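The values are calculated or read from the model by the stated rules, or taken from the named source; none is laboratory data. These figures come from a predicted structure and were not determined experimentally. We place every Cβ from the backbone using ideal geometry, glycine too, and count neighbours over all the protein chains shown.
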Amino acid sequence: MKPFLFTFLFSFIISFTSPNIALAQFEGEILYHMVDPSDENGDSSSMVLMFTKDRIFVNSSNDVNVMAGLSTSGILVRNDYQDFVLTMDNNEGLQIARSELESLSSMLDRLQGRTDVQQTPFPWDDKVVETDNIKEIQGYTAQQFILNGDSADEYVSIWLTDQIQVNWGLLLDAWNSTGKHQFDNEIPIEIVMNHSSFPLLVEVYRENEIVFLAESVSINTDQFDRSKVEISSDMKLLSFTDLMMNFFRQQR
């Protein structure tokens, strides 16, 4: 079980929620601490997810490579504008409209030399176990689910709460048009991101040892910086066309 789960969630967090479904939208900021306990250097990272009525902002302490020559530390999802803004160095942002996702997917496939591979359905009945274990995490009641790996000593423990509900909106399109073509079917992302529950703790086990941990360490629903879901007036926005032109220049 590769511990790429939260790298992927940062790049293209998804859900299987229709944008038209009325939900009690969670508004607040959730901070995750991520660590590999077996790492002798004790290196760790953090990720912040912020939700408002129409927008989602995700920020990581580590840059994430989206594609060759393009890395980002944050992504702003604007459901009200039907676009994504990836923050980059030099106070620049890459703006990608919903209608451009298919073109982005094609470009990523070309860069990675990928061909269209038919994915098999995830074996839910064989892999996912709903347990009766319940505990409190940051004041929220969470239930444990187990995702079994390919061997008996490899599994993921996921603690979900139904007290946080998020309508992911645009990110469903990102997954359907781009995300699922770039990642294998090893982890069913919908178990951690759906319209009725939210992950507060993820532990990856191998040989009965935790090899990756992602834990929510704070949940703030009162005083959080809502300006993070806005684009600063001095940010230079680059279009998807700009990205395409730079890509073709590099291919010459």
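Structure summary
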quantity	calculated
Residue match in region 187-199 (condition: at pLDDT 95 or above, in contact with a strand residue (DSSP E or B) (Cβ under 6 Å, 6 or more places away or on another chain) and buried (at least 17 other Cβ atoms within 10 Å of the Cβ))	no
Whichever residue in region 144-161 is among the hydroxyl-bearing types (Ser, Thr, Tyr) and either part of a strand (DSSP E or B) or within 22 Å of the chain's Cα centre (by Cα) (or both) and, among such residues, is farthest from Val211 (Cα to Cα)	Thr161
Hits in region 123-143 - residues which are part of a strand (DSSP E or B) and at pLDDT 95 or above	Thr131, Asp132, Asn133, Ile134, Lys135, Glu136, Ile137, Tyr140, Thr141, Ala142, Gln143
Residue match in region 144-152 (condition: under 27 Å from Asp43 (Cα atoms), among the small types (Gly, Ala, Ser) and modelled with pLDDT of 95 or more)	no
